[in-house]
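In what follows, a structure is listed as structure tokens, so that the remarks can point back to it.
The values are calculated or read from the model by the stated rules, or taken from the named source; none is laboratory data. Because the structure is a prediction, the values reported are computed rather than measured. Note: ideal-geometry Cβ built from the backbone for every residue, glycine included; neighbour counts use all protein chains shown. Remember, those area values only see protein heavy atoms, side chains included, never the ligands or the DNA or RNA. Shrake-Rupley method; radii C 1.70, N 1.55, O 1.52, S 1.80 Å.
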Amino acid sequence: IVVEERGGGGGMMSAELVSRATPDGYTLLLATGTHTISPNYFKTSYHMERDFAPVSLLGVITFILSVHPSLPVKSVDELLALTRARPGEINYTSGGNGSPAHIITEFLRLKAGINVVHVPYKTVGQAVTGLLGNQAQFMFVVSPASVPQIKAGRLRGLAVTTLKRSNAVPDLPTMVEAGVPDFDAAAWNGMMVPAKTPRDIINKLNTEAARALKLPDVQEKISALGFETVAGGPAEFAKFLKAELDKWARVAKATGAKAE
């Protein structure tokens, strides 16, 4: 397996390459939650359901609502109360307009009715650096990037965005437990191939992916990052993908958030 990184454009460059690849099972897309968010904010040359065939959902990763330690809050309730007491004064950051952290915070803004200011960076890494430097006060940070900083005391975690608590930070409540209803905004990874890939190849790839995810050394490495494996069939992944596309389309419409 050769990993070819095609960064940029909210996953659009990688998806465009795979959508045009020969459907022989040798070119795969590592799809992420970004691929179900970006179609709402950018014009794409492909359609996630029409131009790809799902192989397997690989797993989910939580975002962690993380704040700079200087912010005098230790719970989601306290953060929301502070933003309401100081409307337009509290900054949040993300890896860019239209990025997952941006849209998830807009999701929170819509549900909680808060007035906060977006400070976008070009990359997630730069955004986390900005949060650590207190250029912004909070961010939804994906767990592999946030857990080390939380354990080192450089960030304070308030809650996770999945419906279940994370093994990486078991003491943190879910957003639902913290009082924000119906808040489910996990990062995820899945395997997809060009749409016309033969079914027997898709089934073979699905079988091998499920086998690899059960290997003890794989489990050990990814569980420490807060990655929860979710192996399943192509039909299950297709259903999951449609639900994610529909959810973020509703959020985009309701919030009016723009990528420009």
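Within the option set A31, A85, being small (G, A, S) and more than 21 Å from the chain's Cα centre (by Cα) holds for one residue only, A85. Taking the criterion of being touching a residue at least 24 places away in the same chain (Cβ under 8 Å) and of a type in the set (D, E), the residues of the range 77-111 that qualify are D77, E89, E106. Taking first residues from the range 215-233 that are without any contact (Cβ under 8 Å) to a residue 12 or more places away in the chain and partners that are surrounded by fewer than 16 Cβ atoms within 10 Å (Cβ to Cβ), the Cβ contacts under 7 Å between residues at least 6 apart in sequence or on separate chains come to V218/A212. Restricting attention to the range 86-114 and to residues that are aliphatic (A, V, I, L, M) and in contact with a strand residue (DSSP E or B) (Cβ under 9 Å, 6 or more places away or on another chain), the residue that is nearest to T162 (Cα to Cα) turns out to be I104. Quick check on the range 222-238: of everything there that is of a type outside the set (G, A, S) and within 18 Å of the chain's Cα centre (by Cα), which residue is farthest from T161 (Cα to Cα)? This residue is F237. Picking from residues in the range 42-68 that are assigned to a loop (DSSP other than H, G, I, E, B) and closer than 14 Å to M191 by Cα, the one that is farthest from the chain's Cα centre (by Cα) is D51.
Residue count for the range 149-181, restricted to those that are part of a helix (DSSP H, G or I), surrounded by 15 or more Cβ atoms within 10 Å (Cβ to Cβ) and not aliphatic (A, V, I, L, M): 1.
Scanning the range 182-212 for residues that are open to solvent by 20 Å² or more (accessible area, probe 1.4 Å), touching a strand residue (DSSP E or B) at 6+ places or on another chain (Cβ under 8 Å) and part of a helix (DSSP H, G or I) yields I201, L205, N206, A210. A single entry from L79, L17 fulfils the requirement of being farther than 16 Å from A249 by Cα, in a helix (DSSP H, G or I) and open to solvent by less than 30 Å² (accessible area, probe 1.4 Å): L79.
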